Amino acid sequence: MPFTAEQLHKSASIYFYLLRHKMVDRNQDFLAPYFSEQEIHEATNIIAKQSGTMILETPTKLHLVVEPEGSVYASSFTQLKDKHSRIKNRDELDLLHILLMVLLCEMDGDLLIRNEQEISGVTIHKWIELVDQTMARWDQELQKQPEIEAEWGIAIIQIKDMWFAKQPYEDGGGKPVASTKTKYSYCTLAANLLVEERLLRIIEDDDQTILLPTDELYDRLDLLYHDHDRFKQLKSIIDAGRNQDASH
């Protein structure tokens, strides 16, 4: 359908507002034309699609997210490295992705599980334990089936060796070490990637750090991540291993 110059101008303004803020309350007056005028709604989504992004609509929010492939706004490794100086190479980035997948698998689930997570959250201590179990399980499976690295598309050896080379929190003598040398610091760095997207909250409680999912995280899981083949594959791999452990 043809759009007028005014409709295109309004649509572009709304899109770039979303691009700047990533996630906004849908009841803002500025966004009213997006919901009340079909042409502006359609034109805004066309602009998003042409830019390799997509708009997710929930009852309370609008999310602007990057398409898995081909977005002009996708963060390259170089951009992430510039923004997070502690990410030194692609192997570390791969490790962070696996850490986040383990965390998301722990937080995802039915309504009962989600309600529990929103109240109690996941401590970083628990997260480290879950990653330890996942890496150890993958190492055992790799020894039996060397082909799973290629089948899964995961550099298991590199990621596992990098992870287990780190002390959990401190060195063997009980002294604190530089933060970049611990499993705790890697988990904190990974968690902050979600905090920046307002998908996670970090609470310091006495001697432990607690990670609490936000409603927006579950919006992303339901409306976006659950439809991604790669997310579903990795979640299936991680969940299958944990279910196998639980049955023993």
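The values are calculated or read from the model by the stated rules, or taken from the named source; none is laboratory data. All values reported here derive from a predicted model rather than from experimental measurement. Glycine gets a Cβ as well: all are built from the backbone with ideal geometry, and neighbour counts include every protein chain shown.
A few comments on the model shown:
- Number of positions in the range 9-43 that are touching a Ser or Thr at 6+ places or on another chain (Cβ under 7 Å) and under 24 Å from GLU196 (Cβ atoms): 4
- Condition broken by VAL65, with the remaining ones in (1) more than 21 Å from LEU199 (Cβ to Cβ); (2) modelled with pLDDT under 90; (3) of a type in the set (A, V, I, L, M, F, W, C); (4) surrounded by 13 or more Cβ atoms within 10 Å (Cβ to Cβ) satisfied: (1)
- In the range 20-38, the residue that is nearest to HIS226 (Cα to Cα) out of those that are surrounded by 17 or more Cβ atoms within 10 Å (Cβ to Cβ) and either charged (D, E, K, R) or under 25 Å from the mean Cα position of the chain (by Cα) (or both) is MET23.
- Pair list, Cβ under 8 Å, 6 or more apart: the range 126-151 residue under 17 Å from GLN167 (Cα atoms), other residue of a type outside the set (Gly, Ala, Ser) and outside any helix (DSSP H, G or I): TRP127/LEU211; ILE128/PRO168
- The C-beta contact set for the range 207-218 (first residue under 11 Å from LEU104 (Cβ atoms), second residue modelled with pLDDT under 90 and crowded, with 17+ Cβ neighbours inside 10 Å, distance under 6 angstrom, 6+ apart or interchain) comprises PRO213/GLN117.
- Restricting the range 1-12 to residues that are surrounded by fewer than 15 Cβ atoms within 10 Å (Cβ to Cβ) and either closer than 23 Å to ASP215 by Cα or without any contact (Cβ under 8 Å) to a residue 40 or more places away in the chain (or both) leaves a set whose member that is nearest to the chain's Cα centre (by Cα) is ALA12.
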